[in-house]
Ligand code: BGC
């Protein structure tokens with residue numbers, strides 16, 4: 001072959017290779033092009049979608065054990081001496097300065113004030129010395145969004161006005177127990193500095209300041225003759241209200257499962273290494289602030305993509321991760337985000353409808369109502385959907401929605417079971433009867449929620465734990481605290 005023929009052959013081979021390569025690339029690309037997102041999703045059957053949600057929100061026994069262990073480590077770290085470790089615990093473990101557990105024999109007529117979510121409650125009640133907290137009257141006022149996001153002066157003037165409404169005798173100084181359900185740094189029973197707002201509050205001028213001082217100033221401005229004698233967290237109120245009512249020494253913890261979530265428990269003072277000065281004798285209630293668990297890392301709780309969005313859109317981004325997966329303020333929002341995705345993929349109609357596209361418009365109360373519906377075709381869910389502006393849903397859509405709500409609430413209950421187990425382990429009561437006082441609308445009203453916690457506890461080997469609903473524990477506990485701590 002001459003050089004010319006040589007070149008022709010080479011060019012021919014090269015052309016063939018290029019052609020082959022190009023066609024195979026074209027062929028492969030065609031094979032690799034992913035189906036359009038929507039078409040992929042519309043191909044998903046309702047059964048598959050339900051299964052996907054069940055898997056995404058599953059908390060297995062192994063995962064519960066991991067959470068429990070990690071929480072116990074955080075408890076220990078949170079109790080250690082300040083500055084002793086290179087890392088801070090995500091669980092603050094705040095000393096409450098409540099170091100007397102009521103016996104049920106305390107007596108007196110007390111005033112109490114309770115603020116922690118969307119309402120302020122003021123109450124007057126009588127402790128009869130036989131474990132009964134008789135309410136003389138209770139008033140409830142709504143805390144508007146403007147107040148929650150306004151200035152300290154506006155908020156505390158409003159609280160002072162609520163207090164003024166209930167006082168009978170203004171000639172002598174009225175002693176009041178105050179439940180303030182946000183994380184506070186306390187160095188005594190009648191003072192506390194707000195560390196950080198939670199649950200959507202952003203009122204300016206409060207973080208870093210003493211709550212009792214802010215309220216006393218508001219009392220002074222309004223000419224109110226009153227003094228806060230005990231400042232407590234709602235979990236502490238729940239624990240001591242229960243201890244007062246059942247008058248035994250088995251109530252070891254108080255848990256709130258409502259708009260937010262948190263727990264407190266009875267700790268040996270000798271174990272609270274950060275207490276200054278160090279005390280060896282006696283007990284003190286520790287407000288754990290477990291709602292902040294696994295923040296900011298978020299690597300133990302295993303969030304879904306919806307949890308990540310809930311966190312990103314919240315005013316307290318990167319904190320309260322446990323609370324955002326558990327409590328009433330967020331469960332409806334998680335479901336709404338999943339619904340948004342379903343409506344875009346045509347598994348749920350009403351793409352673009354306000355309850356689906358508006359943050360926090362799909363409330364957790366809807367989830368309870370959906371869960372409660374046992375009619376064969378989910379007619380009550382249908383009625384609810386009609387009422388909130390999502391009419392003409394199919395049975396498949398309603399079934400999917402109900403399963404989604406169940407998966408989200410079940411996950412919440414199993415996370416709580418892991419956390420309660422961590423506390424019961426901490427107080428060394430795994431083998432004996434141990435009462436955990438619980439208050440909050442999620443626990444009280446969500447169908448089957450308490451049973452799911454109890455089932456999770458059983459799986460973990462904590463069958464002796466008794467969850468005791470302590471209604472109004474948060475407010476009543478403030479009255480008990482004022483009575484006990486003034487003695
Ligand atoms: C607060 C806690 C409170 C809990 C329940 C959380 O957001 O940080 O202090 O106990 O909500 O009300």
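The values are calculated or read from the model by the stated rules, or taken from the named source; none is laboratory data. As the structure is a computational prediction, the values presented were derived from the model and not from experiment. Heads up, the Cβs are rebuilt from the backbone with ideal geometry, glycines too, and the neighbour counts pull from every protein chain shown.
Residues that are within 16 Å of the ligand (Cβ to nearest atom), at least 2 per element: which strands (runs of 3 or more DSSP E) completely within region 122-213 meet that? If you could, list the steps in order and put the result at the bottom.
Numbers: elements: 133-142, 174-180, 184-188, 191-194.
By residue number, 174-180, 184-188, 191-194.
Being farther than 28 Å from residue 148 by Cα and either away from the ligand (no atom under 16 Å from the Cβ) or more than 20 Å from the chain's Cα centre (by Cα) (or both) narrows it down to one of 370, 356, so name that one. Steps first, answer last, please.
On the way: 356 fails: farther than 28 Å from residue 148 by Cα.
Checking each option against the conditions leaves just 370.
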- Go over the candidates 359, 355 one by one and state the one that is assigned to a loop (DSSP other than H, G, I, E, B) and modelled with pLDDT of 95 or more. 359
- Which condition number does residue 134 fail, the rest of (1) in contact (Cβ under 8 Å) with a residue 12 or more places away in the chain; (2) on the phi < 0 side of the Ramachandran plot being met? (1)
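Residue 369: free of Cβ contacts under 8 Å to residues at least 24 places away in the same chain and touching a helix residue (DSSP H, G or I) at 6+ places or on another chain (Cβ under 6 Å), yes or no? Don't jump to the end; show me each part of the working.
Numbers: free of Cβ contacts under 8 Å to residues at least 24 places away in the same chain: yes; touching a helix residue (DSSP H, G or I) at 6+ places or on another chain (Cβ under 6 Å): yes.
So residue 369 fits the description; yes.
Tell me, which strands (runs of 3 or more DSSP E) lie completely within region 217-336 with 3 or more residues that are in contact (Cβ under 8 Å) with a residue 24 or more places away in the chain and away from the ligand (no atom under 16 Å from the Cβ)?
Working: elements: 226-232, 251-257, 261-268, 283-287.
The strands (runs of 3 or more DSSP E) meeting that bar are 226-232.
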- Scope region 98-120; condition buried (at least 21 other Cβ atoms within 10 Å of the Cβ) and within 16 Å of the ligand (Cβ to nearest atom); matching residues: 98, 112, 113, 114, 115, 116, 117, 120
- Of the residues in region 418-461, those that are away from the ligand (no atom under 16 Å from the Cβ) and in a loop (DSSP other than H, G, I, E, B) come to 427, 428, 429, 430, 431, 432, 433, 447, 448, 460, 461
- Query: Restricting to region 138-167, what's the tally of residues that are out of contact with any helix residue (DSSP H, G or I) (no Cβ under 7 Å at 6 or more places or on another chain) and without any contact (Cβ under 8 Å) to a residue 40 or more places away in the chain?
  - Reply: 6
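For region 207-216, which residues satisfy the criterion of being free of Cβ contacts under 8 Å to residues at least 24 places away in the same chain and over 16 Å from residue 196 (Cβ atoms)?
Taking region 207-216 and keeping what is free of Cβ contacts under 8 Å to residues at least 24 places away in the same chain, we get 207-208, 210, 213, 216.
Passing the criteria: 213, 216.
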